[in-house]
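Here's the structure we're looking at; comments come further down.
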Amino acid sequence: MDIGRSFTFTFDDPEWANRVGLGTLISIVPILGLADLGYLVEVSRRVIRGESRPLPTWEDLGRKWVGGIALFLALLIYQLPIYVLLCGPLVLLLPALKVSDQRSAETVVSAVLLIWLLMCGAGVLLALAESFLVPGIYLQYVRRSTFFACFDLPAIFGAIRRQASQYFTAWLGMLCGVLIYFFVVLIAGGLLGMIPCVGWVLQIPVAGAGIFWLHTAIGHLVGQLGILEQPIPA
């Protein structure tokens, strides 16, 4: 696994400015921006075929959008338990609203907040654990192009088992990419925010460009895993 290559290969394409520019524009459009995930899939497939250059075009935007929707919904389903952990305890606050005695109400609120903090901790651990499955989820969709392939846990864990060290490296690369994205966007956003009137507007394309870069980087990492997984052992 070459993490550094995944982070820089986007800029090796002679037409990278056009690809990134259009990708940035698409990524900041609500709903349509999910096509970025479909672009990630196409990047992975090109890497597996040994065609990491040039970058995919946007000619088949509809197909990329459909692929992005599938991946988005799959990840959303995986994340539902996290949302339950984070939001479920807040429902317990409803009894406190019906308690007339202030001391009793405060006791209920304190207990609920304690439970919520514990659930938040569990939610963070669960989110970290689920993030470890993300490269495998992407890889299954890249190879099979079906929504249900994202939930083929035996295949996902099989890839993890066969390529344990390389898979772990790809996962760390994905996390590093996310951290780089947030760091750059935070710094750039802070600087742009200092510009009167238009600063907040300029932050939008910066965030969009960062998302597009992150997706291409993850796509390259998943593609490298795909190369290792061909052919799949019986």
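The values are calculated or read from the model by the stated rules, or taken from the named source; none is laboratory data. Not measured: the values here are computed from a predicted model. Because the Cβ atoms are built from the backbone with ideal geometry, glycine has one as well, and the counts that use them run over all protein chains shown.
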Report summary line: (1) surrounded by 12 or more Cβ atoms within 10 Å (Cβ to Cβ); (2) at pLDDT 85 or above all hold for L90 apart from (2)
Report task. Check whether at least one residue in the range 38-45 is acidic (D, E), touching a residue at least 12 places away in the same chain (Cβ under 8 Å), under 17 Å from L214 (Cβ atoms) and surrounded by fewer than 22 Cβ atoms within 10 Å (Cβ to Cβ), and report yes or no. Result -> yes
**Report entry** Failed condition for G4, given (1) farther than 18 Å from F212 by Cβ; (2) of a type outside the set (A, V, I, L, M); (3) in contact (Cβ under 8 Å) with a residue 60 or more places away in the chain
**Finding:** (3)
Query raised in the report: How many residues does the range 74-83 contain that are over 14 Å from A129 (Cα atoms) and either in contact with a strand residue (DSSP E or B) (Cβ under 9 Å, 6 or more places away or on another chain) or surrounded by 13 or more Cβ atoms within 10 Å (Cβ to Cβ) (or both)?
Result: 1
Report summary line: Being out of contact with any Lys or Arg (no Cβ under 9 Å at 6 or more places or on another chain) and modelled with pLDDT under 85 narrows I156, I187 down to just I187
Report task. Being in contact (Cβ under 8 Å) with a residue 40 or more places away in the chain and either touching a Ser or Thr at 6+ places or on another chain (Cβ under 8 Å) or more than 14 Å from H215 (Cα to Cα) (or both) narrows it down to one of T10, T57, so name that one. Result -> T10
Requested in this report: Mind telling me which of the residues V134, V142 ends up being farther than 27 Å from L86 by Cα and buried (at least 16 other Cβ atoms within 10 Å of the Cβ)?
Outcome: V142
Query raised in the report: Of the numbered conditions (1) closer than 24 Å to I204 by Cβ; (2) among the small types (G, A, S); (3) modelled with pLDDT under 80, G68 satisfies every one except a single condition; which is it?
Result: (3)
Requested in this report: Mind listing whichever residues of the range 35-59 are aliphatic (A, V, I, L, M) and touching an Asp or Glu at 6+ places or on another chain (Cβ under 7 Å)?
Outcome: L55
Query raised in the report: If we scan the range 127-147, do we find a residue that is without any contact (Cβ under 8 Å) to a residue 12 or more places away in the chain and more than 20 Å from A70 (Cα to Cα)?
Result: yes
Report summary line: The condition from (1) in contact with a Gly (Cβ under 6 Å, 6 or more places away or on another chain); (2) within 19 Å of P205 (Cβ to Cβ); (3) crowded, with 19+ Cβ neighbours inside 10 Å that I28 misses is numbered (3)
Requested in this report: Considering every residue within the range 153-170, establish whether at least one is β-branched (V, I, T), in a helix (DSSP H, G or I), in contact with an Asp or Glu (Cβ under 7 Å, 6 or more places away or on another chain) and over 14 Å from S44 (Cα atoms).
Outcome: no
Report task. Would you mind telling me which numbered condition in (1) at pLDDT 80 or above; (2) out of contact with any Leu (no Cβ under 6 Å at 6 or more places or on another chain) P196 fails? Result -> (1)
